[in-house]
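The values are calculated or read from the model by the stated rules, or taken from the named source; none is laboratory data. Everything numeric here is computed off the predicted structure, so don't read it as measured data. Virtual Cβ from ideal backbone geometry, glycine too; neighbours counted across all protein chains shown.
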Amino acid sequence: MTERTIYVTEFDMKRLRAVLESLKAGGWRDREHLAPLEEELDEAQVVPSHAIPGDVVTMNCRVRVTDLTTGRERTITIAFPSDANADEGKVSIIAPVGTALLGYRAGDVVTWTVPGGERSLRIDEILYQPEAAGRHDL
């Protein structure tokens, strides 16, 4: 993943740390996906929910992205693992793309490593951000 400063709300940080601890304690099968998220959170700048800019990807944020290799556009929602649902476009924060998008802004290009090399997505638009909508409880 590309080096950057990510912004995470206090509320999201608390819940994401709890999710990580729960998954570690429960012997989650894809433990290799936990370390990148934990590293991102360790480096994140934590801000109050009301202070997060409206163009930053947060939890439960719905974004329109373009795959820079294929040109394919899609809409995804960054979800907690229990809410992830590929058919609904809800990508788990534990998935590499979910972890990579967290804290980025509209217009940014996100790059992360996959087994076949690198993938890059451009965040075209934040379609919904809970904090910007006044929902500090999502």
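Tell me yes or no: at least one residue of the stretch 20-43 is assigned to a strand (DSSP E or B) and out of contact with any Leu (no Cβ under 7 Å at 6 or more places or on another chain).
First, the residues of the stretch 20-43 that are assigned to a strand (DSSP E or B): none.
There is no residue in the stretch 20-43 that is assigned to a strand (DSSP E or B) and out of contact with any Leu (no Cβ under 7 Å at 6 or more places or on another chain).
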Scope the stretch 88-128; condition out of contact with any strand residue (DSSP E or B) (no Cβ under 7 Å at 6 or more places or on another chain) and of a type outside the set (Ser, Thr, Tyr); matching residues: 88, 94, 95, 114, 115, 116, 117
Selection count where residues are in a strand (DSSP E or B) and either closer than 24 Å to residue 39 by Cβ or among the hydrophobic types (A, V, I, L, M, F, W, C) (or both), scope the stretch 125-138: 2
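Out of the residues in the stretch 90-104 that are of a type in the set (Val, Ile, Thr) and more than 19 Å from residue 53 (Cα to Cα), state the one that is modelled with the highest pLDDT.
Of all residues in the stretch 90-104, those of a type in the set (Val, Ile, Thr) come to 91, 93-94, 97, 99.
Still in the list and also more than 19 Å from residue 53 (Cα to Cα): 91, 93-94, 97.
Values: 91: 96, 93: 93, 94: 91, 97: 91.
Here the answer is 91.
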Total residues in the stretch 48-87, condition on the phi > 0 side of the Ramachandran plot and in contact with a Phe, Trp or Tyr (Cβ under 7 Å, 6 or more places away or on another chain): 0
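Which of the following residues is farther than 19 Å from residue 125 by Cβ and surrounded by fewer than 14 Cβ atoms within 10 Å (Cβ to Cβ): 88, 73, 43?
Criteria check complete, one pass: 43.
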Test for residue 130: is it buried (at least 17 other Cβ atoms within 10 Å of the Cβ), over 13 Å from the mean Cα position of the chain (by Cα) and closer than 24 Å to residue 17 by Cα: yes
Complete set of residues in the stretch 55-71 that are out of contact with any strand residue (DSSP E or B) (no Cβ under 7 Å at 6 or more places or on another chain) and at pLDDT 95 or above: 71
Some residue of the stretch 101-124 being in a helix (DSSP H, G or I) and more than 18 Å from residue 11 (Cα to Cα): no
